[in-house]
Amino acid sequence: MSDRTGNAPVAAKAPHGIADVARAAGVSSRTLRHYDAIGLLSATAVGEGGLRRYDDGALVRLQRILLLRGLGLGLSEIARVLDGEQDDVAALRAHVGSLEQERDRLARQLAAVRTTITRIERGEPLTPPDALDGFGRA
């Protein structure tokens with residue numbers, strides 16, 4: 001097995017096999033091969049039989065792909081974003097901020113639904129702020 005640059009040892013440079021990466025990411029190996037084919041996520045190394053292996057940098061790129069896909073971006077748009085942002089840590093920090101905002105919004109929705117259930121069970125009236133917190137765009 002050789003890496004894309006022709007250097008060895010591959011296992012040290014690319015310790016993560018495609019099956020393990022796919023399973024951890026919740027995608028298929030076919031998806032990872034497609035990402036490679038379109039230039040979105042290149043395998044660090046490819047061996048006999050086309051077995052792909054990935055290094056830590058590829059895992060970071062895949063994490064960013066999955067985060068952007070979760071935001072509803074298409075693959076070509078994801079490629080543009082990744083190609084335009086070279087600082088992985090800064091981009092991931094921005095994602096952390098967005099994920100924290102989403103977590104907080106979901107926590108407000110959960111509290112609102114629990115309040116609604118409690119008020120229905122007690123026969124108490126609802127108020128729009130109590131019932132709808134976290135559902136608005138703001």
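The values are calculated or read from the model by the stated rules, or taken from the named source; none is laboratory data. Computed from a prediction, not measured in an experiment: that's the story for all the values here. Every residue, glycine among them, receives a Cβ derived from its backbone with ideal geometry; neighbour counts consider all protein chains shown. The protein model used for the area step is the full one, side chains on, heavy atoms only, and it has no ligands, DNA or RNA in it. Shrake-Rupley method; radii C 1.70, N 1.55, O 1.52, S 1.80 Å.
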Inset, instruction - Confirm whether GLN101 is polar (S, T, N, Q), open to solvent by 50 Å² or more (accessible area, probe 1.4 Å) and more than 30 Å from LEU132 (Cα to Cα). - result: no
Legend entry - Residue that is touching a strand residue (DSSP E or B) at 6+ places or on another chain (Cβ under 9 Å) and open to solvent by 50 Å² or more (accessible area, probe 1.4 Å), where the choices are ALA14, ALA43, ALA24, ALA37: ALA24
Legend entry - Residues located in region 11-30, provided they are assigned to a helix (DSSP H, G or I) and over 14 Å from the mean Cα position of the chain (by Cα): ALA11, ALA12, LYS13, ILE18, ALA19, ASP20, SER29, ARG30
Legend entry - Of all residues in region 52-67 being more than 17 Å from SER98 (Cα to Cα) and open to solvent by less than 40 Å² (accessible area, probe 1.4 Å), the one that is nearest to the chain's Cα centre (by Cα): LEU62
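For every residue, the table says whether it meets (1) among the small types (Gly, Ala, Ser); (2) touching a residue at least 24 places away in the same chain (Cβ under 8 Å); (3) more than 16 Å from ASP20 (Cβ to Cβ); (4) open to solvent by less than 40 Å² (accessible area, probe 1.4 Å).
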{"residue": "GLY49", "(1), (2), (3), (4)": "yes, no, yes, no"}
{"residue": "ARG69", "(1), (2), (3), (4)": "no, no, yes, no"}
{"residue": "GLY74", "(1), (2), (3), (4)": "yes, no, yes, yes"}
{"residue": "ALA79", "(1), (2), (3), (4)": "yes, yes, yes, yes"}
{"residue": "ASP87", "(1), (2), (3), (4)": "no, no, yes, no"}
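Let's see how each residue does on (1) more than 28 Å from ALA24 (Cβ to Cβ); (2) outside any helix (DSSP H, G or I); (3) touching a strand residue (DSSP E or B) at 6+ places or on another chain (Cβ under 8 Å):
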position: LEU67; (1), (2), (3): no, no, no
position: ARG93; (1), (2), (3): no, no, no
position: GLY97; (1), (2), (3): no, no, no
position: GLU100; (1), (2), (3): no, no, no
position: ARG103; (1), (2), (3): no, no, no
position: LEU110; (1), (2), (3): no, no, no
position: THR118; (1), (2), (3): yes, no, no
position: PRO125; (1), (2), (3): yes, yes, no
